[in-house]
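See structure below.
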Amino acid sequence: MSLFDFLRLVYRNLKMLVAVPIVLAVTILLLTANQAKEYQSNALIYTGIGSGYNIESGSSDKVDYKAVNAAYDNLMSIIKSRLTLEEVGLKLLALNLSQEKPGVVMGNEAYIKLLEAIPAEKRTDFVVVGDAEKTYENITSLYQTGHPTIVQMIRGKGSYSIQKLQSIAVKRVKSSDMISVEFSTYDPGLCKTTLDILLEVFASRYRQLKEAETGDVVAYFEAELRKAKANLNLAEDELTAFRVKSRV
């Protein structure tokens with residue numbers, strides 16, 4: 001086909017070539033006009049489990065894959081546990097309630113929704129503006145005593161609820177030492193802040209767990225040391241008594 005024939009073909013079908021893309025673009029625009037926007041945040045947690053790295057030897061030991069898989073299951077269970085998500089929801093709610101206006105941690109839409117759920121006049125008894133920690137203490141106490149509004153925020157279906165936070169995706173990145181955590185929601189500030197708080201809560205809970213394990217081990221050896229010392233003292237006393245009796 002010559003260039004002239006090609007141009008003539010284009011000219012004959014020019015209306016179709018122009019109309020089809022326009023119709024397609026308008027159709028897509030109409031179909032997605034009312035579609036809610038979704039923002040996604042993700043984070044990577046380095047565990048050091050898969051490589052078998054030992055801080056004492058400074059090298060990698062032989063990897064027990066069964067133990068490694070169990071360790072990863074434990075980590076992901078901590079992240080997805082109800083207690084963790086409950087604490088994340090309360091901390092996120094406290095942080096947002098303590099804000100006087102939309103900002104980095106909560107966009108305009110999220111601010112309006114929170115204001116509709118808990119109007120300003122109903123916050124005065126438990127919200128400390130500018131102090132997320134004190135607000136967290138207050139709403140945690142209210143939640144534990146069954147305050148209907150706070151309970152609804154955590155056990156309902158909104159951004160602070162356990163149900164919403166259960167959509168957080170947690171998985172091991174292939175066979176690496178990394179765990180990937182992803183979360184999606186309608187507000188970019190809320191999305192990032194939720195993950196920030198989740199990582200903080202997870203780190204705290206995991207640290208407490210390891211400290212408890214270490215404490216049990218230390219307590220065991222301290223008890224054994226006390227037993228050994230008591231046995232030694234008893235043996236020394238018996239030896240002393242024998243030497244005195246036998247005049248050795």
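The values are calculated or read from the model by the stated rules, or taken from the named source; none is laboratory data. Small disclaimer: the values here were computed from a predicted structure and weren't measured. Backbone-built Cβ (ideal geometry, glycine too); neighbour counts: all protein chains shown. Side chains are part of the model used for accessible areas, which takes the heavy atoms of the whole protein and leaves out ligands, DNA and RNA. Shrake-Rupley method; radii C 1.70, N 1.55, O 1.52, S 1.80 Å.
Scanning region 44-54 for residues that are in contact with an Asp or Glu (Cβ under 8 Å, 6 or more places away or on another chain), at pLDDT 65 or above and not in a loop (DSSP other than H, G, I, E, B) returns a single hit, TYR46. Scanning region 207-220 for residues that are at pLDDT 65 or above and open to solvent by 100 Å² or more (accessible area, probe 1.4 Å) gives ARG207, GLN208, GLU211. Suppose we keep only residues that are outside any loop (DSSP other than H, G, I, E, B) and charged (D, E, K, R) within region 162-188. Which one would you say is nearest to LYS91 (Cα to Cα)? Out of the qualifying residues, it is LYS164. For GLN152, the conditions (1) at pLDDT 85 or above; (2) surrounded by fewer than 10 Cβ atoms within 10 Å (Cβ to Cβ) all hold with the exception of (2).
Quick grid of which residues meet (1) in contact with a helix residue (DSSP H, G or I) (Cβ under 6 Å, 6 or more places away or on another chain); (2) assigned to a helix (DSSP H, G or I); (3) not β-branched (Val, Ile, Thr):
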{"residue": "THR84", "(1), (2), (3)": "yes, yes, no"}
{"residue": "MET106", "(1), (2), (3)": "yes, no, yes"}
{"residue": "TYR111", "(1), (2), (3)": "no, yes, yes"}
{"residue": "VAL128", "(1), (2), (3)": "yes, no, no"}
{"residue": "THR140", "(1), (2), (3)": "yes, yes, no"}
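Filter region 121-149 down to residues that are among the hydrophobic types (A, V, I, L, M, F, W, C) and over 19 Å from the mean Cα position of the chain (by Cα) and give me whichever is surrounded by the fewest Cβ atoms within 10 Å (Cβ to Cβ).
First, pick out the residues of region 121-149 that are among the hydrophobic types (A, V, I, L, M, F, W, C): 126-129, 132, 139, 142.
Going one step further and asking which of them are over 19 Å from the mean Cα position of the chain (by Cα), we end up with 126-129, 139, 142.
Details: PHE126: 20, VAL127: 20, VAL128: 16, VAL129: 13, ILE139: 24, LEU142: 17.
Among them, the one singled out is VAL129.
Does region 55-76 contain any residue that is modelled with pLDDT of 75 or more, open to solvent by 70 Å² or more (accessible area, probe 1.4 Å), basic (Lys, Arg) and under 27 Å from the mean Cα position of the chain (by Cα)?
Yes: region 55-76 contains one or more residues that are modelled with pLDDT of 75 or more, open to solvent by 70 Å² or more (accessible area, probe 1.4 Å), basic (Lys, Arg) and under 27 Å from the mean Cα position of the chain (by Cα).
Does at least one position in region 221-232 carry a residue that is of a type outside the set (S, T, N, Q), open to solvent by less than 50 Å² (accessible area, probe 1.4 Å) and at pLDDT below 95? There is at least one residue in region 221-232 that is of a type outside the set (S, T, N, Q), open to solvent by less than 50 Å² (accessible area, probe 1.4 Å) and at pLDDT below 95. Of the numbered criteria (1) in contact (Cβ under 8 Å) with a residue 24 or more places away in the chain; (2) closer than 30 Å to GLY48 by Cβ, the one GLU109 fails is (2).
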